[in-house]
Amino acid sequence: MTEAAHVDLKLPPKVSGEKPDIGHMEEFGVNFAKFLLRCNQECGELAEFNMGGQQTVLMSGPDAQEAFFKTLDSKLSRAASYQATVPVFGRGVIFDAPPEKMKTQLKIQVDALRYQNMKNYAAVIAEEVDQWIAEWGDEGELDFADEFIRLTLHTACHCLLGKDFRLRMTDEFKRLYHDLEKGLQAIAFVDPYMQQPIFEARDNARARLQELISDIIAERRANSDKVYGDALETFMSGTYKDGSFLTDNEVTGLVIATMFAGHHTSSGTAAWTLIEIARNPQQAAEVVAEVDALFTDDQPLSFESLREIPKLERFIEEVLRIHPPLVLLMRRVMEDIDYNGTLIAEGKTVAASTYGSHRNPDFFPDPEKFDFHREKPDTLWAFIPFGGGPHKCAGNAFALMQLKSIFAALLRRYTFELVDPSDSYQDDLSAMVLKPSSPSRLRYRRR
Ligand code: HEM
């Protein structure tokens, strides 16, 4: 994308059905994935719609998506689009930090999710999964959407804040986390500072959480020779250019931001993977055979042993194609932009839809069909569950390792079948992160 010269530039085509004042909000609110598919079908690569006064241009197809992901923050700003996260992550953290500080904070966040901690995370996740299934017995029925939300909250807490915190994880912590989550409902994207009980609860929860995390930070500073191998350790040891450490507020913010980025994205994908396993027994049998062949004994799963499980990986990728947890990604246009002769004006929002892209029949023939043998598209920019470019998901490797660990453990021990009719398991798009509709019941039986 280049800066606009304003000569002979077209404007993006507008999506039909706009209503006075609210624009397309109503249709968007009913089922935004369906709405986005309609935008693309009607207008093509660029489609402009109105979100209660905020003009938004959906960019579809590999070329437009590549431009979306690769354009610099100074032109397409995430910070301006994600201001709702500021009271949740905290003042001065990520999207509220000056650009240089934000860059360092993101780098420290990426470091925490990199190789040096990954071995510990793999061990932690395997331990949590074993604990989780220890009580299952030979057979039973569970709502796995809920189960995976619980499991991945435990793994996230354990990997981020360490064993001691996880062992002492209280109902108070869960309540605080829940209050923070409620503070990121759709209304927060209109104005996160409105006088609303949910926002007051959010602010109280943020303050209390900082007290709890500050206690651990103080405890760790008093025992500075101990090694933890968790994300908190990386956050506490990271420094800005001038050598100063992050404040307790910033460390707390990074913990919350990482938790928010990784928790429901992982639990939703895990739940959908299990449903697709139960729904596609023939394809699942290939994955189970692979897992059986690779993990022949009862050794704990390690980082090394989880590295290559190609069929399971392809299966998870197909799950991420059909059910990408982050359906819609957004940026605010900070200066007029010329995209191939079309003006995208400053102040508008641009959006990319993973959900729509993954249903483009040019790249994914018969797109609603689950087929983990389907050919990969020959462009990088059609399959985008983790985004792309400089802000591609920092937890990509962590997420895949966690999913492989969960399913290597589960598939070796149990078989799964759907409890309800197959088509009752649908994408629930009512929250920020896609998940299977409730209930998502499955029956398990020991093999
Ligand atoms: C299946 C699971 C996951 C999916 C599908 C996913 C997807 C994504 C996507 C699409 C983005 C880019 C957002 C944008 O461009 O606006 C992103 C960013 C990010 N994700 Fe993930 N994510 C997953 C799991 C995780 C996990 C487990 C973590 C951490 C433990 C994590 C941490 C992050 C972070 C920190 C960013 C921001 C990177 C930056 O701003 O530079 N994600 N993720």
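Every number in this text was worked out from the coordinates using simple rules, so none of it is lab data. Everything numeric in this text was worked out from a predicted model, so none of it was measured. For neighbour counting, all protein chains shown are included, and Cβ atoms are generated from backbone atoms with ideal geometry for every residue, glycine included.
Please report, in whole Å³, the volume per residue of the convex hull around the C-alpha atoms of the chain.
Cα-based convex hull of the chain, divided per residue, equals 152 Å³.
Mind jotting down the distance between the C-alpha centroids of segment 359-433 and segment 328-342, whole Å?
The distance from the Cα centre of segment 328-342 to that of segment 359-433 comes to 28 Å.
What are the equivalent ellipsoid semi-axes of segment 212-316, built from the alpha-carbon gyration tensor (square roots of five times its eigenvalues), in whole angstrom, biggest first?
Over the Cα atoms of segment 212-316, the ellipsoid semi-axes are 39, 18, 12 Å.
Within 10 Å of each residue's Cβ, count the other Cβ atoms and sort Lys101, Lys376, Lys241 from fewest upward.
Lys241, Lys376, Lys101
Would you mind ranking Arg447, Arg321, Arg332 so that the residue whose beta carbon has the fewest other beta carbons within 10 Å leads the list?
Result, fewest neighbours first: Arg447, Arg332, Arg321.
Across segment 82-93, in residue order, what do the Karplus-derived ³J(HN,Hα) couplings come to in whole Hz, using 6.51 cos²θ - 1.76 cosθ + 1.60 with θ = phi - 60° and x for Gly and Pro?
Computed from phi, the couplings for segment 82-93 are 10, 5, 4, 7, 4, x, 7, 6, x, 4, x, 10 Hz.
How far apart, in nm, are two points set 7 Å out from the Cα along the Cα-to-Cβ line at Glu346 and at His178?
If labels sit at Glu346 and His178, their model points lie 4.6 nm apart.
What translational diffusion coefficient, in µm²/s and rounded to a whole number, does the Stokes-Einstein relation yield for segment 218-260 at 10 °C and a viscosity of 1.306 mPa s, taking the hydrodynamic radius as the Kirkwood radius over Cα pairs?
Values: Rh = 11.1 Å.
Using the Kirkwood radius from Cα pairs, D works out to 143 µm²/s.
For the residues Ser305, Ser266, what sequence is obtained by ranking on other C-beta atoms within 10 Å, fewest first?
Fewest-to-most Cβ neighbours within 10 Å comes out as Ser305, Ser266.
What number results when the radius of gyration of segment 49-198, computed over Cα atoms, is divided by 2.2 N^0.38 Å?
Compared with the compact-globule rule of thumb, segment 49-198 sits at 1.33.
Residues of segment 389-419 with backbone nitrogen within less than 17 Å of a virtual label 7 Å along the Cα-to-Cβ line of Asp138, please, listed as ranges.
Hits in segment 389-419 for Asp138 at 17 Å: 413-416.
Which semi-axes, in whole Å and largest first, does the equivalent ellipsoid of segment 374-447 have when worked out from the alpha carbon gyration tensor as the square roots of 5 times its eigenvalues? Please report the intermediate quantities before stating the final value.
Numbers: eigenvalues 156, 70, 36 Å².
They are 28, 19, 13 Å, listed largest first.
Hey, which aspartates and glutamates would be in cross-link range of Lys14, C-alpha to C-alpha under 19 Å, not counting anything within fewer than 8 residues on its own chain?
Those aspartates and glutamates meeting the cut-off are Glu26, Glu27, Glu42, Glu45, Glu48, Asp336, Asp338, Glu346.
With the crude spin-label approximation of a point 7 Å out along Cα→Cβ, what separation in nm comes out for Lys119 versus Ser224?
2.6
Mean 1/r over all different Cα pairs, inverted: what Kirkwood radius does segment 113-181 give, in Å?
Taking the inverse mean of 1/r over all distinct Cα pairs, segment 113-181 comes out at 13.4 Å.
Separation between the Arg307 and Arg443 pseudo-spin-labels, each 7 Å from Cα along Cα→Cβ, expressed in nm?
According to this spin-label approximation, the distance is 4.1 nm.
Which stretch or stretches of segment 367-381 have amide N atoms under 19 Å from the point lying 7 Å from Asn396's Cα along the Cα→Cβ direction?
Only 376-381 pass the distance filter.
Percentage of Cα-Cα pair distances in segment 288-447 greater than 28 Å, rounded to whole percent?
Numbers: 4384 of 12720 pairs.
Tail fraction, whole percent: 34.
Give a quick list of trypsin sites (Lys or Arg not before Pro) in segment 346-446 that DSSP marks as loop, anything other than H, G, I, E or B, with at most 12 other Cβ atoms within 10 Å.
Answer in residue order: Lys369, Lys392.
Considering all alpha-carbon pairs of segment 2-115, what whole percent are spaced by more than 21 angstrom?
54
How large is the direction-averaged shadow of the alpha-carbon convex hull of segment 256-314, in nm²?
Result: a mean projected hull area of 5.1 nm².
List every residue whose amide H lies under 5 Å from the amide H of Leu142, counting only residues 5 or more places away in sequence or on a different chain, with H placed 1.01 Å from N in the peptide plane.
Leu442, Tyr444
Taking the Cα of Gln41, stepping 7 Å toward and past its beta carbon, and measuring to each backbone N in segment 421-437: which are under 14 Å?
none
So what is the 222 nm mean residue ellipticity for the chain from helices alone, if each DSSP H run of at least 4 adds -39500 (n - 2.57) and you divide by all residues, rounding to the nearest 500 deg cm²/dmol? Please list the in-between numbers first.
Details: 17 runs with 217 residues, N = 447.
After summing the helix terms and dividing by the residues of the chain, the value is -15500 deg cm²/dmol.
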